[in-house]
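Following: one structure in structure tokens, then a few remarks.
Readers should treat all values here as calculations from the given coordinates under stated rules, not as data from a laboratory. The structure presented is a predicted model; accordingly, all values stated were derived computationally and were not measured. Positions of Cβ are generated from backbone atoms using ideal geometry, with glycine treated the same way; all protein chains shown enter the neighbour counts.
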Amino acid sequence: MTIQDPDFRESGLEFGPDFLIGSATAAYQVEGAAHEDGRGVSIWDTFSHTPGRTINGDTGEIADDHYHRLEADLDLMASMELQAYRFSISWPRIQPNGSGKVNAAGIDFYSRLVDGLLARGIAPIATLYHWDLPQALQDKGGWTNRDTAYRFAEYASIMGDALGDRVHTWTTLNEPWCTAFLGYGSGEHAPGVTNPLAALTSVHHLNLAHGLAITELRRAVGPKAKFSVTLNFSALRGGGHGEEEAMRRIDALSHRAFTGPMLLGAYPQDLLEDTASVTDWAFVQPGDLDQIKQPIDVLGVNYYTTSTVRMGAASAAKRNEDGTEVVIGSRYPGSTRVEFVTESGPFTDMGWNISPDGLEEVLVSLHQQFPDIPLMITENGAAFADVVVDGRVRDGKRVDYLHSHFVAAHRAMQRGVDLRGYLVWSLMDNFEGAFGYSKRCGIVHVDYLSLERTIKDSGHWLTELIRTRRIPGGVR
Ligand code: FCB
């Protein structure tokens, strides 16, 4: 079903009571209070304050002011009957300089958040790293510096000791692909570096950070919480010339560069070969792969869209006079010849094509690759240009989007996928990275002048789903 073909009949499809349905946010995108209570500077502060990096020069200085509106936002979540809330912890609130001294006010904020969730019967799902590296660590190389992985482990241990088993599920990293390839490859995200070697070095140090953090969390928390990582997956489609090779290359760089070491204990051989012109991967030290491969209880899946790819002409690659390829900033180091074909619509306001079938495909494929690992959709949702009219936001397109994706998730479960929950991105409209405030992904509308919250029709729709356990009909 697509927004061109709406069908809002009640689907009759049911989810069991243990299937966690809720919503997600991330620290820099909602908290604001960027200079308060001892918070240090993160790479997203620096990046968003750099002219030209974000639309309209938007920053997360105030964002949704969630930091100051914690109690009201918790009540909002309770009124929506969310079963789970996925949030991220701002590392520079905890360790303003990325190492050593702990900022008690930062711990206190997240402790109040977790207790507030528990008091309202909402399961806290905490992400340790949703892209906001302390600037002090970036000044030493950020994720290109192996030491950052050890600093991350120290931070994980602090948070494990502080919040321990009050957290339902601990997630180490959110979308390390974005950190490595958008942060250090194409420069679209903080810290804005454009260097293929830096991107691949960061891949490894992020993987190492994940493994070290899981070890620390398990030590601090014991068996009472679940441990996970969230990766982003797109459904890959062939788009013509050399499509098998193109899909294999993008799957390796986008997905298997992380699932390989984290879940199987090795980098895929084809990834090593595809990237040989950039690096010999000598930054992988003896013992690293054993450390990275830690048992996890659930794999977080972020899904938004499909990618259709083919191989471009070899001559398309820019060449130096001696015939070697020009090193350019890219999301796909070593595979810059892969072309992304323009998708067919419908699209969300992000320009991302809407394809619920892709979600089913991704879930089934992950289940086939890793049959013993339960999955959870940790992000899925859509941006649309919503407006409040007479106190109401009629976001029928988002209702339809969620309807079709929940149906797809249900279909995947019927095909045997062990799916444990579904968290909609996002609870509230927020600072969407390089898009600034220009894209609204929330199921709650935020007026950026008054900061007033208005539950959208999609938010009411989700509440009905949680309450009835059946995927409801749509626009009312
Ligand atoms: C994901 C991010 C999340 C949000 C959505 C739209 O890549 O994890 O923070 O920005 O995209």
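The single condition from (1) in contact with a Pro (Cβ under 9 Å, 6 or more places away or on another chain); (2) farther than 19 Å from Tyr28 by Cα; (3) assigned to a helix (DSSP H, G or I) that Gly185 fails is (3). In the condition set (1) at positive phi; (2) hydrophobic (A, V, I, L, M, F, W, C); (3) surrounded by fewer than 23 Cβ atoms within 10 Å (Cβ to Cβ), Trp131 is compliant with all but (3).
For residues that are within 11 Å of the ligand (Cβ to nearest atom) and surrounded by 24 or more Cβ atoms within 10 Å (Cβ to Cβ), tally how many sit in the range 178-189. Number satisfying all stated conditions: 1. Here the condition is being among the small types (Gly, Ala, Ser), under 30 Å from Leu117 (Cα atoms) and more than 18 Å from the chain's Cα centre (by Cα); of Ala220, Ala209, Ala213, it holds for Ala220 alone.
With respect to the conditions (1) crowded, with 19+ Cβ neighbours inside 10 Å; (2) within 16 Å of the ligand (Cβ to nearest atom); (3) on the phi > 0 side of the Ramachandran plot, Thr348 lacks only one, and its number is (3). Checking the stated criteria, Leu137 turns out not to satisfy the condition of being over 22 Å from Asn174 (Cα atoms), under 23 Å from the mean Cα position of the chain (by Cα) and outside any strand (DSSP E or B). Evaluating Asn232 against the criteria (1) in contact with a helix residue (DSSP H, G or I) (Cβ under 6 Å, 6 or more places away or on another chain); (2) within 16 Å of the ligand (Cβ to nearest atom); (3) part of a helix (DSSP H, G or I) leaves one unmet condition, (3).
The C-beta contact set for the range 163-186 (first residue under 23 Å from Tyr85 (Cα atoms), second residue among the acidic types (Asp, Glu) and more than 16 Å from the ligand (Cβ to nearest atom), distance under 9 angstrom, 6+ apart or interchain) comprises Arg166/Asp115; Thr169/Asp297. Please work out which residue is surrounded by the fewest Cβ atoms within 10 Å (Cβ to Cβ), limiting yourself to the range 65-108 and to residues that are in a helix (DSSP H, G or I) and not hydrophobic (A, V, I, L, M, F, W, C). Checked the range 65-108; the qualifying residue surrounded by the fewest Cβ atoms within 10 Å (Cβ to Cβ) is Glu71. Meeting the requirement of 1 or more residues that are within 14 Å of the ligand (Cβ to nearest atom), the strands (runs of 3 or more DSSP E) wholly within the range 354-470 are 375-379, 419-425.
For residues that are within 16 Å of the ligand (Cβ to nearest atom) and closer than 24 Å to Phe227 by Cα, tally how many sit in the range 190-209. Adding up the residues that qualify gives 1. Does Tyr304 satisfy being within 16 Å of the ligand (Cβ to nearest atom), in contact with a Ser or Thr (Cβ under 8 Å, 6 or more places away or on another chain), farther than 28 Å from Ala257 by Cβ and in contact (Cβ under 8 Å) with a residue 12 or more places away in the chain? Judged against the criteria, Tyr304 is not a match.
The set of residues in the range 262-280 that are more than 21 Å from Arg310 (Cα to Cα), hydroxyl-bearing (Ser, Thr, Tyr) and crowded, with 21+ Cβ neighbours inside 10 Å contains only Tyr267.
Each row is one residue, and each column tells you yes or no for (1) within 26 Å of Ser355 (Cβ to Cβ); (2) in contact (Cβ under 8 Å) with a residue 24 or more places away in the chain; (3) surrounded by fewer than 23 Cβ atoms within 10 Å (Cβ to Cβ).
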position: Ala199; (1), (2), (3): no, yes, no
position: Leu217; (1), (2), (3): no, yes, no
position: Arg237; (1), (2), (3): yes, yes, yes
position: Gly242; (1), (2), (3): yes, yes, yes
position: Gly260; (1), (2), (3): yes, no, yes
position: Ala282; (1), (2), (3): no, no, yes
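Every test in (1) at positive phi; (2) touching a strand residue (DSSP E or B) at 6+ places or on another chain (Cβ under 8 Å); (3) of a type in the set (A, V, I, L, M, F, W, C) is passed by Val388 save one, and that test is (1).
If I go through the range 151-177 residue by residue, how many of them are within 18 Å of Leu200 (Cα to Cα) and either acidic (Asp, Glu) or surrounded by fewer than 22 Cβ atoms within 10 Å (Cβ to Cβ) (or both)? The number of residues fulfilling the criteria is 1. Among residues of the range 12-36 that are closer than 21 Å to Phe109 by Cα and assigned to a loop (DSSP other than H, G, I, E, B), those with a Cβ under 6 angstrom from a residue that is within 16 Å of the ligand (Cβ to nearest atom) and polar (S, T, N, Q), sequence gap 6+ or separate chain, pair up as Thr25/Ser426; Ala26/Ser88.
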